[in-house]
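Novice: Below you will find the structure I want to go over with you.
Derivation of every value follows stated rules applied to the coordinates shown; laboratory data play no part. Because the structure is predicted, anything quoted here is derived from the model rather than measured. Positions of Cβ are backbone-derived with ideal geometry, glycine not excepted, and every protein chain shown enters the neighbour counts.
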Amino acid sequence: MRQFVKLNDIKDQFETLGVKVVGMTYDPPEAIQKFHKRWDIKYPLLRDVDAQHVNAWGIRNTEYQEGSFAGIPNPGVALLSPNGEILAKFAEPGYRGRPDWSTVLAEVGSLVSGD
């Protein structure tokens, strides 16, 4: 969840690049609303029902046994095109590591600008 809070602090930098920011979690709607309000998150948090996106994007954390929770992802970031194509994934194995935001911003900037 700390990743969502940090993203809240730098979302304007992504939006300057023309990239819209959303978060995604497997948590139930009540938990998402509580978290959103508690941390004053400034972007939408979506619910990944039955880990459909975690599995489709290939970011499931295999350290958790099948059937535990709803499908815990490796913490990360995905850059999607307007038609839903995955342009880049930044995911760390395990659950403790997080992608470095300065690296993600730099690489997203390069992808968006075509460099």
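Novice: With Cβ to Cβ distances under 13 Å as the rule, what net charge do the other residues near Val112 carry (K, R +1; D, E -1)?
Specialist: Residues close to Val112 contribute a combined charge of -2.
Novice: Continuing with this model, one more query. If you count, for each residue, the other Cβ atoms within 10 Å and average over each peptide, how do 47-53, 109-115 line up from highest to lowest?
Specialist: The packing order, highest mean first, is 47-53, 109-115.
Novice: Compute the length gained on full extension between Glu30 and Ala106: take 0.36 nm times their separation in residues and subtract their Cα-Cα distance, giving the result in nm to one decimal.
Specialist: Details: separation 76, 0.36 × 76 = 27.36 nm, distance 3.42 nm.
Between Glu30 and Ala106, full extension yields an extra 23.9 nm.
Novice: Using a Förster distance of 22 angstrom, determine the FRET efficiency expected from the C-beta separation of Leu87 and Asp115, and round it to 0.05.
Specialist: So, using R0 = 22 Å, E works out to roughly 0.95.
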